[in-house]
Amino acid sequence: MVFQPIITLHSLAATGFEVLIRWRHPQRGMVPPDKFIPMAEASGLIFDIGLWVLEQACQQLHSWREMFGPDPLPIIAVNLSPVQLEREDFLDRMDDIFRRTGVSPTNIEFEITESALLRHTDTVDETLDALRQRGIRLAIDDFGTGYSSLSYLDKLPVQVLKIDRSFVNALIENEQTNNNTSEIVRATIALAHNLGMTVVAEGIETAQQLALLQSYGCDFGQGYFFARPMPPIDATALLHKIRQQ
């Protein structure tokens, strides 16, 4: 597991982390998630992997609470697979993790892709409603890369919209080629705010991208401009530094 800071764009302070996973293979070295997550989803292993990630995240939150005392804990964002949403035993397994670690669900944010959110089966709808009732924040991940209709946004129980890195990467290109990416990003942020959502921009890598997103009123950001995904010990050191400021 590695942790990538989520940054408040108006103050540039870290407000939370997204938990990501890497596979350290004995022969192939570090395998990125786009190489093994599809296989894990196809085989069904993603359900147990997802629960393991959630438990590790909660254990880290518990450790930070022991270390830093009653100060507010950061939000940790965990990716939620469509397979997990559709499993009837997911909620029981999730609740057991919260009980054993002593972590409040309000410190967790689940990131879910557009396509997963739009699977309107009874199980998915009931699971989303149950997550909201527990105080878990829900985020639409990689927004803009799927095929969903904007008309669904006001019907989904989500509080956070994450703009895909492909749009952020194209912002500078927009300045050079007069394409419409900046207007799309600006309109997406405005729409999300009008629906009561906060917005996170993924993949910020340059000061120019940051300045544009700040001018558009984007709330939060992630990307190599701020920090690469880091091991838990470095995330702990970052929290310690923040609390000393």
Problem set entry | Enumeration of residues in segment 227-241 that are in contact with a Pro (Cβ under 9 Å, 6 or more places away or on another chain) and farther than 20 Å from residue 21 by Cβ | 239
For this session: Taking residue 77 as the residue in question, decide whether it is of a type in the set (Gly, Ala, Ser), closer than 27 Å to residue 119 by Cβ, within 16 Å of the chain's Cα centre (by Cα) and part of a strand (DSSP E or B).
Result: yes
Problem set entry | Pairs with Cβ under 8 Å, 6+ apart, first in segment 22-44 and farther than 24 Å from residue 84 by Cα, second of a type in the set (Asp, Glu) and surrounded by 10 or more Cβ atoms within 10 Å (Cβ to Cβ) | none
For this session: Test residue 83 against the stated conditions and say whether it is farther than 13 Å from residue 54 by Cβ, surrounded by 12 or more Cβ atoms within 10 Å (Cβ to Cβ) and either modelled with pLDDT under 95 or β-branched (Val, Ile, Thr) (or both).
Result: yes
Problem set entry | Among the candidates 202, 183, residue that is surrounded by fewer than 17 Cβ atoms within 10 Å (Cβ to Cβ) and of a type in the set (D, E, K, R) | 183
Exercise. Would a scan of segment 46-56 turn up a residue that is closer than 22 Å to residue 201 by Cβ, modelled with pLDDT of 95 or more, touching a strand residue (DSSP E or B) at 6+ places or on another chain (Cβ under 7 Å) and aliphatic (A, V, I, L, M)?
Worked result: no
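The values are calculated or read from the model by the stated rules, or taken from the named source; none is laboratory data. Keep in mind it's a predicted model, so treat the numbers as computed, not measured. When we count neighbours, we look across all protein chains shown, and the Cβ atoms used for this are built from the backbone with ideal geometry, even at glycine.
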